[in-house]
Amino acid sequence: MSRIFSGAQPSGALHIGNFYGAMQQWVALEKEPGNETIFCVVDAHAITVEYEAKDLPKRVFEAAAGYLAAGLNPEKSIVFIQSDVKEHMELSWYLTTLTMMGELNRMTQFKEKSEQHQENNNAGLFTYPVLMAADILLYKADLIPVGEDQVQHLELARDICRRFNHRFGKVFPEPKPRLSSAPRIMGLDGKHKMSKSRGNTIDLEDSPKVIEKKLKGAFTDPLKVALGSPGRPEVCNIFTLHKAASSPEVVAEVDRDCRSGALPCGTCKMRLRDAMLADLQPVQERYVELRKKPSLVTEAVAQGAERARAIAKSTMADVYGAMGLTSSSQKVPT
Ligand code: AQP
């Protein structure tokens, strides 16, 4: 049996990078018998960059609706909002004392984001990976389905976990990453990974027309310039998306016909559109249902928070004991 934990930031509309990079695996892991699955909307992470407080509740709702629309079953998985379980922030502080400045300085996401948000280089952006370690360790999770961009953070979480266990006795299992078949989806600009904050996304709720338009303008192999010239699927983001969305037979055909020059990029993109629409249509239908009945979302996350809190409190009791911290339940030292 594995305990699985993952999450996404409510920093904008969920996109196909989130979906194929992480969320599809969430749903598959939920369905595997014996797994315990926990998925969190990490709103405390999202406030490490500029945001409008008045917009955040809507974004959080949209993200939670996205989890359910993607196919998670809140009767089975624990689906909740991070700020509803205060122990995330509490454990994060304790783990900060086990994290070296040099380790945080090496995080590539911090380097990128501090460049992207130069006017707001706050300490929370710097310690973001420690909060992520706390998210995971709080639930004693052992398997973490993420995109490739989060692997470095997860390595740090593993280091923190080992350090804690070595110093204070074994409290946490070592969490391992689980990558999907499309662990890094580039944005439509071809320059950066697909990211909510970069405006280079195909969103889960984009209409077929919008998806088609965005795909038509999407970056492919820059060396495949002329019609009939051979392409290199291994450098093409459209091929990466085929690997996520199309059947193995279609992927093999695309690979062969792109290399030989027989498959024009336009045709390749429209085959991808069809495969993606087949995946996204049921997601979009569920979104419509959830928007008609928002209580399905709010009740799911309220119940999820209760279930999450029970685990979190039990872990924190272990942490207090191991670290020699005095909680109100502890006795006066002798
Ligand atoms: N482009 C991507 N390819 C593959 N996986 C991706 N993920 C995100 N983008 C891609 C994975 O989706 C999960 C949730 O990500 P997140 O929302 O917590 O944070 P992020 O990685 O920072 O996502 P964005 O869209 O890039 O948000 P912003 O722009 O706000 O920073 C994670 O498992 C992530 O790996």
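The values are calculated or read from the model by the stated rules, or taken from the named source; none is laboratory data. Quick caveat: nothing in here was measured; it's all calculated off a predicted structure. Ideal geometry is used to build each Cβ from the backbone, glycine not excepted, and the neighbour counts take in all protein chains shown. For the accessible areas, the whole protein counts, side chains as well, though only heavy atoms, and no ligand, DNA or RNA atoms are used. Shrake-Rupley method; radii C 1.70, N 1.55, O 1.52, S 1.80 Å.
Which condition breaks for VAL250 when tested against (1) more than 23 Å from LEU188 (Cα to Cα); (2) touching a helix residue (DSSP H, G or I) at 6+ places or on another chain (Cβ under 7 Å); (3) among the hydrophobic types (A, V, I, L, M, F, W, C)?
(1)
Does GLU289 satisfy being surrounded by fewer than 16 Cβ atoms within 10 Å (Cβ to Cβ) and within 24 Å of the chain's Cα centre (by Cα)?
Judged against the criteria, GLU289 is a match.
Of the residues that sit in region 155-199 and are acidic (Asp, Glu) and in a helix (DSSP H, G or I), which one is nearest to the ligand (Cβ to nearest atom)?
The extreme case among them is GLU155.
Taking region 207-232 on its own, how many of its residues are open to solvent by 20 Å² or more (accessible area, probe 1.4 Å) and part of a loop (DSSP other than H, G, I, E, B)?
Final tally of qualifying residues: 14.
Would you mind finding the one in ALA46, ALA69, ALA65, ALA53 that is modelled with pLDDT of 95 or more and within 10 Å of the ligand (Cβ to nearest atom)?
Result of the check over ALA46, ALA69, ALA65, ALA53: ALA46.
Report yes if some residue within region 201-219 is touching a residue at least 12 places away in the same chain (Cβ under 8 Å), within 9 Å of the ligand (Cβ to nearest atom) and either within 23 Å of the chain's Cα centre (by Cα) or assigned by TED's automatic domain parsing to the domain that holds ARG259 (or both); otherwise report no.
Checked against the condition, which is being touching a residue at least 12 places away in the same chain (Cβ under 8 Å), within 9 Å of the ligand (Cβ to nearest atom) and either within 23 Å of the chain's Cα centre (by Cα) or assigned by TED's automatic domain parsing to the domain that holds ARG259 (or both), region 201-219 yields at least one hit.
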